[in-house]
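Read the structure below first, then the notes.
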Amino acid sequence: MIIYSPYILSNALIGLICCALFDIQLEPFRLRFHPQLKTNLSAFWKSRTFWITTLIFFITLISSLYSTDLDYITNRLRLKIPFLIIPFTFFALPRLTKRSYQGLFYFLVTILFLTNLGIGANYLLHFEEINTNIALGQPIPVPRNHVRYSLLLAIGILAGMILTYRKFYIRYTFERWLIAAMTLSNFIFIHILSVRSGLIVLYITMLVGCLTLIFLQRKFLIGALSIVFMLALPIAAFYTIPSFASKVNYANWELHEFSHGRTEAGSDMDRVKSIIIGWDIFKSHPLIGVGAGDLRQSVHDKYTSLYPTQEKMLMPHNQFLTIMAGTGLIGLLLFLIAIFYPFLVQQHYRDPFYFVFFLAFFLSFLVESTLENSIGIGFYVLFLGICLSYLSGVKSKSNV
């Protein structure tokens, strides 16, 4: 539902929360608070790996004390509630086994493959029209948001590579080849989509993997050949995939316009302006920011001052800068602790799935305010909960 419906995703997360909070018996029907709820809550606040993510909610809550736009800060707090509740939910639920953990990523690879079939069919049916729009900077139509989908697709491709390397299957050995085939199909399709966010995440993560082969596993030849092959892929895509070539040409046009001082052209110029505005707001309130609730009005005022003819106003297209402008350096420090601590503690970064998830989101934070909308937040807390459940979930069954 990350792909198709934020509404159903929200309901699914609520269902998970109910499983953590309540004891539900069907025959005869009985509903009561979970008998271990108090114990689980106490244990949760002793587990820093899980509760530290709640800092992202409390950053916004504290900034509400000096925010004057009550409607907007209320909206921000409502959006950030999953950071308060979902970590506890995954802490209280049964710990994922290795098979279940890898099986979830298997399902991700499969659902992305099937979704790509639908997107590809629509693309072929409207080939000329969509290619014309791509040349004007428009994306290929996908369910929901094209940036979020490309990010999810990059994670799915990398997860498929890991599953293929590990020769994972659920029941039949031929599933290993099925996973490899679907991953290859998804890999080709991300180049057809040609959304830069997803491609950047994919290639940087693959580059990190190649460097790991060279410097940590001492597989110099395989690592070097992989890098050469990886660098050749975008060149091949440029000459064989029309949508990819159109996106590259459009990016070159925007760069040309910007270098000649014509900053009104292109969506990327709008993103650059939003970053400049976010930086100006941060510089005026570097310690505690303007308040997460007043950030929208501050952005509007800056646009009016710096770009009076601009009709389209964007919030800062950088998650770190959004945190800095709204809650200052103090908020940024707490945010960095919240995202880095679970990744680094107990060497969680050694798990390839968590590594892929973390790197994908970290890179997306540089070009998007990923955690400022419901689908981005749901995406983040769900994958984080899955990873932490497997890596740091309570081994005993006393909490479930």
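When residues of segment 75-96 are filtered for being of a type outside the set (K, R), in contact (Cβ under 8 Å) with a residue 40 or more places away in the chain and farther than 16 Å from T49 by Cβ, how many remain?
Looking only at that region, the number is 4.
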*For K38: the one exception among (1) surrounded by 16 or more Cβ atoms within 10 Å (Cβ to Cβ); (2) modelled with pLDDT of 90 or more*: (1)
*Restricting segment 41-86 to residues that are in contact with a Pro (Cβ under 9 Å, 6 or more places away or on another chain) and among the aromatic types (F, W, Y), the residue that is surrounded by the most Cβ atoms within 10 Å (Cβ to Cβ)*: F50
*Within segment 188-206, how many residues are under 22 Å from Y101 (Cα atoms) and either without any contact (Cβ under 8 Å) to a residue 60 or more places away in the chain or part of a loop (DSSP other than H, G, I, E, B) (or both)?*
2
*Which one of the conditions (1) surrounded by 15 or more Cβ atoms within 10 Å (Cβ to Cβ); (2) in a loop (DSSP other than H, G, I, E, B); (3) modelled with pLDDT under 90; (4) out of contact with any Leu (no Cβ under 9 Å at 6 or more places or on another chain) does P139 fail to meet, given that it meets all the rest?*
(4)
*Which residue, of G15, G103, is surrounded by 15 or more Cβ atoms within 10 Å (Cβ to Cβ), within 28 Å of I170 (Cα to Cα) and small (G, A, S)?*
G103
*Which of the residues belonging to segment 157-174 are surrounded by fewer than 23 Cβ atoms within 10 Å (Cβ to Cβ), in a helix (DSSP H, G or I) and in contact (Cβ under 8 Å) with a residue 60 or more places away in the chain?*
I162
_Step by step: first the residues of segment 319-348, then only those that are touching a Phe, Trp or Tyr at 6+ places or on another chain (Cβ under 7 Å) and of a type outside the set (A, V, I, L, M), then the one that is farthest from A292 (Cα to Cα). Which residue is that?_
H348
*Tell me which residues, restricted to segment 175-194, are of a type in the set (A, V, I, L, M) and surrounded by 21 or more Cβ atoms within 10 Å (Cβ to Cβ).*
I179, M182, I190, L193
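Here is a yes/no grid of residues against (1) closer than 30 Å to I330 by Cβ; (2) under 19 Å from the mean Cα position of the chain (by Cα); (3) modelled with pLDDT under 95; (4) not in a helix (DSSP H, G or I):
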site: Y4; (1), (2), (3), (4): no, yes, yes, yes
site: L9; (1), (2), (3), (4): no, yes, yes, no
site: C18; (1), (2), (3), (4): no, no, yes, no
site: E27; (1), (2), (3), (4): no, no, yes, yes
site: L55; (1), (2), (3), (4): yes, yes, no, no
site: T60; (1), (2), (3), (4): yes, no, no, no
site: R95; (1), (2), (3), (4): no, no, yes, yes
site: Y106; (1), (2), (3), (4): no, yes, no, no
site: L112; (1), (2), (3), (4): no, yes, no, no
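Filtering segment 255-306 down to residues that are under 25 Å from N133 (Cα atoms), part of a helix (DSSP H, G or I) and among the aliphatic types (A, V, I, L, M), which residue is modelled with the highest pLDDT? I'd like the intermediate steps shown before the answer.
Taking segment 255-306 as the starting set, the residues that turn out to be under 25 Å from N133 (Cα atoms) are 255-274.
Then drop every residue that is not part of a helix (DSSP H, G or I), which leaves 255-259, 267-274.
Those left that are additionally among the aliphatic types (A, V, I, L, M): 255, 269, 272.
Values: L255: 73, M269: 79, V272: 86.
Checked segment 255-306; the qualifying residue modelled with the highest pLDDT is V272.
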*Among the residues of segment 310-324, how many are among the polar types (S, T, N, Q), surrounded by fewer than 17 Cβ atoms within 10 Å (Cβ to Cβ) and under 20 Å from Y72 (Cα atoms)?*
0
*Just one of the numbered conditions (1) assigned to a helix (DSSP H, G or I); (2) in contact (Cβ under 8 Å) with a residue 40 or more places away in the chain; (3) more than 26 Å from the chain's Cα centre (by Cα) is not true of S42; which one?*
(2)
*So is L231 surrounded by fewer than 19 Cβ atoms within 10 Å (Cβ to Cβ) and part of a helix (DSSP H, G or I) or not?*
yes
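One line per residue, one yes/no per condition, for (1) within 17 Å of the chain's Cα centre (by Cα); (2) among the small types (G, A, S); (3) surrounded by fewer than 17 Cβ atoms within 10 Å (Cβ to Cβ); (4) part of a helix (DSSP H, G or I):
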{"residue": "P308", "(1), (2), (3), (4)": "no, no, yes, no"}
{"residue": "G326", "(1), (2), (3), (4)": "no, yes, no, yes"}
{"residue": "L336", "(1), (2), (3), (4)": "yes, no, yes, yes"}
{"residue": "F340", "(1), (2), (3), (4)": "yes, no, yes, yes"}
{"residue": "V345", "(1), (2), (3), (4)": "no, no, yes, yes"}
{"residue": "Y354", "(1), (2), (3), (4)": "yes, no, no, yes"}
{"residue": "L363", "(1), (2), (3), (4)": "yes, no, no, yes"}
*asked:* Show the residue pairs meeting these rules: Cβ distance below 6 Å; 6+ apart or different chains; first residue within segment 226-242 and under 19 Å from F215 (Cα atoms); second residue in a helix (DSSP H, G or I) and of a type outside the set (D, E).
replied: S226/C210; I227/C210; M230/M206
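In the list Y307, Y303, Y250, which residue meets the criterion of being at negative phi and out of contact with any Lys or Arg (no Cβ under 9 Å at 6 or more places or on another chain)? Talk me through it step by step, then tell me what you get.
On the way: Y307 fails: out of contact with any Lys or Arg (no Cβ under 9 Å at 6 or more places or on another chain); Y303 fails: out of contact with any Lys or Arg (no Cβ under 9 Å at 6 or more places or on another chain).
Criteria check complete, one pass: Y250.
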*When you look at R32, is it basic (K, R) and either at pLDDT below 90 or assigned to a loop (DSSP other than H, G, I, E, B) (or both), yes or no?*
yes
_Condition (residue is in contact with a helix residue (DSSP H, G or I) (Cβ under 9 Å, 6 or more places away or on another chain), at pLDDT below 95 and over 24 Å from L9 (Cα atoms)) applied to segment 367-386: is it met by at least one residue?_
yes
*Determine the pairs where a residue that is modelled with pLDDT under 95, located within segment 335-351, has a partner that is of a type in the set (F, W, Y) with Cβ atoms under 7 Å apart, the partner being 6 or more residues away or on another chain.*
Y349/F343; Y349/F355
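The values are calculated or read from the model by the stated rules, or taken from the named source; none is laboratory data. Since the model is a prediction, treat every value here as computed from it, not as a measurement. Quick reminder, even Gly has a Cβ in these numbers, built from the backbone with ideal geometry, and neighbours come from all protein chains shown.
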